[in-house]
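Input: a single structure, listed below in structure tokens.
All of the numbers you see were taken from the coordinates with simple rules; none came from a lab. What you see is a predicted model, and the numbers here were worked out from it, not measured in a lab. Neighbour counts are summed over all protein chains in view; Cβ atoms, including those assigned to glycine, are modelled from backbone coordinates with ideal geometry.
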Amino acid sequence: MATKKTFNFERFFQALGDTTRLRLLNLMGDQEVCVCYFVEVLDLPQPKISRHLAYLRSAGVVEARGEGRWTHYQIVMPPHIGASQILRQTLDWLREEKIMQADNARFSKACCSPAKFSSLEGAPQPTSIKGPSCEAC
């Protein structure tokens with residue numbers, strides 16, 4: 001008989017307790033985003049980005065989907081109603097922060113003009129979960 005995995009509150013709050021992980025969540029928003037965009041926008045090494053994404057995955061906050069050599073991430077709501085509410089409120093709050101707004105501006109530029117960024121050559125465009133992926137496009 002399968003056992004139901006309990007929600008790890010400590011891991012969840014630790015996942016939200018790091019600026020880089022919050023910046024990643026902010027960039028994902030309602031989109032599925034390839035790791036290469038995170039690397040370009042945040043100007044951090046790919047292994048560091050991947051470690052933070054793995055942490056978010058283990059906390060049950062994001063899920064990954066592989067497509068050839070590309071890995072795409074999107075936010076998933078935790079199974080616990082309270083944690084889900086906290087995550088939604090955190091995402092709303094992040095939109096008001098200047099550093100997050102600057103990240104979103106860089107993301108839009110990379111999304112709409114990937115040819116300008118050599119690291120994004122051949123990369124799949126972010127896919128919106130709820131509508132158009134890039135407001136500027």
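Which whole-number percent gives the relative contact order of segment 1-85, counting Cα pairs below 8 Å spaced six or more residues apart? Walk me through the intermediate numbers first.
Details: 85 pairs, mean separation 27.6, N = 85.
Reported relative contact order: 32 percent.
Taking the mean number of other Cβ atoms within 10 Å as a proxy for protection, how do you rank 31-39, 72-80, 95-103, 45-53 from highest to lowest?
Numbers: 31-39: 22.4, 72-80: 17.7, 95-103: 12.9, 45-53: 15.3.
Per-residue mean Cβ counts within 10 Å order the peptides as 31-39, 72-80, 45-53, 95-103.
Using the Karplus curve 6.51 cos²θ - 1.76 cosθ + 1.60 with θ = phi - 60°, work out ³J(HN,Hα) for each residue of segment 88-98 in order, rounded to whole Hz, and write x for Gly and Pro.
4, 5, 5, 4, 5, 5, 4, 4, 8, 7, 4
Want the number for Ile99 to Met77: 0.36 nm per residue separation, take away the alpha-carbon distance, what's left? Before the final figure, lay out each step's value.
On the way: separation 22, 0.36 × 22 = 7.92 nm, distance 2.36 nm.
Going from the current span to full extension adds 5.6 nm.
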